[in-house]
């Protein structure tokens, strides 16, 4: 397993990311700023770290400098950044500093030649009459311009607590500097793939450059580059002292983005946090205030996965915090602070490794696949404990690997999976996983199947076998996405394919949707051996898109065969989430139970407004020995328990949103 460095700084649990993107047309910047009141409000809100702004997307600077980018509306003698940093430090609050990278309106307007160029010659980003951001080219002299600004910040605020570099995605360009750089690397600018490859090279180089710059001056400082794809973390973690998952559920990210990605980033040996915001919608939603229940859920989900918390806000141009926002933040952070004794150095525990499927996309929000989203939803609803992993991961900690939906023809990966199986590991593969791209050749012979390519029908049905012990109804269940045709070799068929009369086309169709089933075929929909299971359609992608519960029931039955002794069993509704963490000193296992329900209250927004208690929830945790004590934290209320056949069994009397059950003196086993 690749070993990554440990961070050399302390990363607090209760952070605020304080945006301050303030346009030059605003003329009273900082007019009402009171440093003592500012820091006092943060302290009263139980905040212990605030990311404050040196430079915003408008390209303006908020400290005393002779640079022409100093905000024209900032009071003449006001050093806003210095006032914030000094006041926060007096209260013992950390104050890392924000620098915008590829969004810099001042630089774009004064040096339009530095703007990234599309292949058609147009500028990347906002058009001349758009209210939006122009995007700078990091292969141009703008990179040196930003380096000089960073050097000034590092000098004036030495030693800095950290630097947060934002808007750092890979940006292809065909500017003169980019063209020259691609020529030097023997890359073809006419090739989209080569342009993307060069953009990644530029990003990695400036990340190293700025990381080294910060560390040379402030060795204990945190350094983070935001908007990077998490799939690249293995090679980029050397330039990141932490991992931050920006995920405003109502701001375009949704409620699955954080729990999916945190299961990947938490494995890399650096502190990690989740970032939401106090806004009703997304960034800069002035006057938009999130319901308390939603912010409690979002922060509870963070700490349940071992993450620190960050809540985004935006400071009013005059420099005054919104008192209602900090009353909300304070209420949430007071409960986080009360739980910190059970959070510090608590590491998540997993039984399953879910292989990560990555989509190529310049937008970091679109790189996660529907397969991983569907698998995360499904496994969370089934309360299984799992990580997202990739080909570089160590497979040995996991009792089971899930290979979702897509082919892998990488010989090295195939060899590694086979080695894992020889060591006793188990596999659940779906769709093309374990097969070639054509779906007509089985690469992972251990699956016990033969394959003959995609089914000729868009929609078929699966019929569970009578000997398949599952909660599936004994009927034919529709597959909304195309399946593969497979037959069982040495595997046992647990579900068969029922084929329709014909495919629905203009030539022949029947009724309003898919054609009904006509005949039981010789093909299998699900096959199992003693240590493998295979599903012949992209069940996780289909679950993400269609939400058809029989797909979850099918996977649940297969997992029950492969993992008859799951780490954790929990009764209750499917929206009840459960995660495990462990502290070593003192030895504790913490079961986090989250009972919140996000509802689609608008055409696009899922909203959490109410916290409804759950009562008498049965929990069973597989432990190596009988615990010394079981109690609810932070209340310290003892809970009766029994220890039977390797499981500690408890009935949690009530879950009011988020409950923490602590088992003292035992490991999960």
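The values are calculated or read from the model by the stated rules, or taken from the named source; none is laboratory data. Please read these numbers as outputs of a predicted model, since none were measured by experiment. Glycine gets a Cβ as well: all are built from the backbone with ideal geometry, and neighbour counts include every protein chain shown.
Considering every residue within the range 111-129, establish whether at least one is under 26 Å from the mean Cα position of the chain (by Cα), under 22 Å from residue 70 (Cβ atoms), in a strand (DSSP E or B) and modelled with pLDDT of 95 or more. No, because not a single residue in the range 111-129 is under 26 Å from the mean Cα position of the chain (by Cα), under 22 Å from residue 70 (Cβ atoms), in a strand (DSSP E or B) and modelled with pLDDT of 95 or more. Within the range 177-192, residues that are over 11 Å from residue 139 (Cβ atoms) sit with their Cβ atoms under 6 Å from residues that are surrounded by 11 or more Cβ atoms within 10 Å (Cβ to Cβ), at 6+ positions apart or across chains, in these pairs: 187/194; 187/198; 188/194; 189/174; 189/179; 189/182.
Before we move on, is residue 343 farther than 12 Å from residue 47 by Cβ, in contact with a helix residue (DSSP H, G or I) (Cβ under 7 Å, 6 or more places away or on another chain), modelled with pLDDT of 95 or more and assigned by TED's automatic domain parsing to the domain that holds residue 382? So residue 343 fails the test. Taken over the range 657-669, the criterion of being surrounded by fewer than 16 Cβ atoms within 10 Å (Cβ to Cβ) and either assigned to a strand (DSSP E or B) or without any contact (Cβ under 8 Å) to a residue 60 or more places away in the chain (or both) is satisfied by 664, 669.
Of all residues in the range 552-572, those satisfying the criterion of being more than 21 Å from residue 348 (Cα to Cα) and part of a helix (DSSP H, G or I) are 552, 553, 554, 555, 556, 557, 558, 560, 561, 562.
A single entry from 216, 234 fulfils the requirement of being within 21 Å of the chain's Cα centre (by Cα), within 23 Å of residue 271 (Cα to Cα) and assigned to a helix (DSSP H, G or I): 234.
State whether the residues of the range 166-180 include one that is in a loop (DSSP other than H, G, I, E, B) and out of contact with any helix residue (DSSP H, G or I) (no Cβ under 8 Å at 6 or more places or on another chain). Yes. Residues in the range 624-655 that are in contact (Cβ under 8 Å) with a residue 60 or more places away in the chain and surrounded by fewer than 17 Cβ atoms within 10 Å (Cβ to Cβ): 634, 646. When the range 422-449 is limited to residues that are surrounded by fewer than 17 Cβ atoms within 10 Å (Cβ to Cβ) and in contact with a strand residue (DSSP E or B) (Cβ under 9 Å, 6 or more places away or on another chain), the one that is nearest to residue 519 (Cα to Cα) turns out to be 440. Criterion applied to 462, 468 was being touching a strand residue (DSSP E or B) at 6+ places or on another chain (Cβ under 6 Å), within 30 Å of residue 398 (Cβ to Cβ) and modelled with pLDDT under 95, and the one residue passing it is 468.
Of the residues 518, 578, 536, the single one that is touching a strand residue (DSSP E or B) at 6+ places or on another chain (Cβ under 7 Å) and closer than 28 Å to residue 607 by Cβ is 578. Here is the figure for the range 88-105: residues that are surrounded by fewer than 22 Cβ atoms within 10 Å (Cβ to Cβ) and assigned to a helix (DSSP H, G or I) total 2. Candidates in the range 567-597 are the residues that are buried (at least 19 other Cβ atoms within 10 Å of the Cβ) and touching a helix residue (DSSP H, G or I) at 6+ places or on another chain (Cβ under 8 Å); of these, the one that is farthest from residue 658 (Cα to Cα) is 588. In the set 362, 407, 397, only one residue is modelled with pLDDT under 95, closer than 22 Å to residue 237 by Cα and assigned to a loop (DSSP other than H, G, I, E, B); that residue is 362. How about the range 68-81: which of its residues are in contact with a helix residue (DSSP H, G or I) (Cβ under 7 Å, 6 or more places away or on another chain) and either closer than 12 Å to residue 98 by Cα or not in a strand (DSSP E or B) (or both)? Listed by number, the list holds a single entry, 69. Here the condition is being at positive phi and assigned by TED's automatic domain parsing to the domain that holds residue 593; of 636, 632, 656, 603, it holds for 636 alone. All of 46, 57 fail the test of being at positive phi, touching a helix residue (DSSP H, G or I) at 6+ places or on another chain (Cβ under 9 Å) and in a loop (DSSP other than H, G, I, E, B), apart from 46.
Checking every residue in the range 240-249 against the condition of being under 17 Å from residue 596 (Cα atoms) and not in a strand (DSSP E or B) gives at least one match. Residue under question is residue 135, and the condition is that it be within 32 Å of the chain's Cα centre (by Cα), under 21 Å from residue 221 (Cβ atoms) and modelled with pLDDT of 95 or more; does it hold? In short, no.
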